[in-house]
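> Please find one structure pasted underneath; my questions will follow.
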Amino acid sequence: MSDAPTRILVADDHTLLREAMVELLQSEPDIEVVAQVGDARAAVRAAAELRPDVALIDVQMPYNEDPGATVRRLLERRPGLRIIVLSMDDHPALVRGLLALGVRGYLHKSASRQSLLAAIRERPGSGRAVVTVSMPPLAAAEGAGRRAAVISERETEVLTLVAEALSNRQIGARLGITEGTVKRHLRKIFDKLDAVSRLDAVNKAAALQLIRPHSKHSLPMAG
């Protein structure tokens, strides 16, 4: 069973983009696309009938006026489904709301192939909430610039180590502070940058030149 491919449902009303995504995914030996649909109602039906492991869904598509309701229906029809949102809409309130409902990833459509595949391949049942958010620099900087100046020197140090993929425990050991203190710094950083995840905070901080961009931004979201 461990060698079985990850079964994917793709839901996007932009036909060319959807077909290109399906072609990309089908080229991966460990991934099988079981359905591609163009609206939210069809996505819910396909999830119930075909029982995929992962659903890649767009936010702006027909019959998806309430994305949160669609997420709830998908999870009701297919408990355990890992939902990854691919969207041009990166409003923080929308991202937070969908993550709170159980979405396992939220990627901007400008995300790289590597980011998408990493999100799909994230091991389920790892005991942690994994979020991979990738947003373009202009969107990342918008709304955060006014608050950037209030990020402290210590918070900058913490975020720099987050960008190096260190866990909270490792960051604490490196800086000589407790893991709880690291978490408090991260909460303040998220608030100041209007970030929804560790990776989101790194992307926004790099876009604002608060930290130097790191070559590995597909970070596991450690607790």
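The values are calculated or read from the model by the stated rules, or taken from the named source; none is laboratory data. If you're wondering where the values come from, they're calculated on a predicted model, not measured in any experiment. We place every Cβ from the backbone using ideal geometry, glycine too, and count neighbours over all the protein chains shown. All accessible areas refer to the heavy atoms of the entire protein, side chains included, with ligands and DNA or RNA removed. Shrake-Rupley method; radii C 1.70, N 1.55, O 1.52, S 1.80 Å.
> Cross-link partners among aspartates and glutamates for Lys192, C-alpha distance below 18 Å, same-chain residues fewer than 8 apart left out?
Within the straight-line cut-off, Lys192 pairs with Asp90, Glu142, Glu153, Glu155, Glu157, Asp200.
> Only loop residues by DSSP count here, and only those with at most 11 other Cβ atoms within 10 Å; note down the GluC sites (Glu not before Pro) in region 1-104 that meet that. Spell out each step's value before the answer.
Working: sites: Glu19, Glu23, Glu32, Glu49, Glu65, Glu76; in loops: Glu65.
For GluC sites (Glu not before Pro) across region 1-104 that sit outside H, G, I, E and B with at most 11 neighbouring Cβ atoms in 10 Å, the list reads Glu65.
> What full-extension length gain, to one decimal in nm, is calculated for Leu17 and Glu164 as 0.36 nm per residue of separation minus the Cα-Cα distance?
Gain on stretching Leu17 to Glu164: 49.7 nm.
> Let me ask another. Return, ordered by residue number, the residues of region 90-108 whose backbone nitrogen is under 13 Å from a label point located 7 Å along Cα→Cβ of Arg123.
Those under the cut-off are none; the list is empty.
> Summarise the accessible area of region 148-188 (1.4 Å probe, protein heavy atoms) by the percent that is carbon and sulfur. Can you show the working numbers first?
Details: 1120 of 2240 Å².
Accessible surface attributable to carbon and sulfur in region 148-188 totals 50 percent.
> Figure the gain on full extension for Glu65 and Ser110 (residue separation times 0.36 nm, minus the Cα-Cα span) and round it to one decimal in nm.
Between Glu65 and Ser110, full extension yields an extra 13.9 nm.
> Right, here's the next one. So, with a 1.4 angstrom probe, what is the percent of accessible area on region 19-61 that is carbon and sulfur?
Roughly 45 percent of what the probe reaches on region 19-61 is carbon or sulfur.
> Give the distance, in whole Å, between the Cα centre of region 45-95 and the Cα centre of region 157-212.
Each part's Cα centre sits 29 Å from the other's.
> Taking 8 Å as the Cα distance limit and 6 or more residues as the minimum spacing, I'd like the relative contact order of region 53-113 as a percentage.
38 percent
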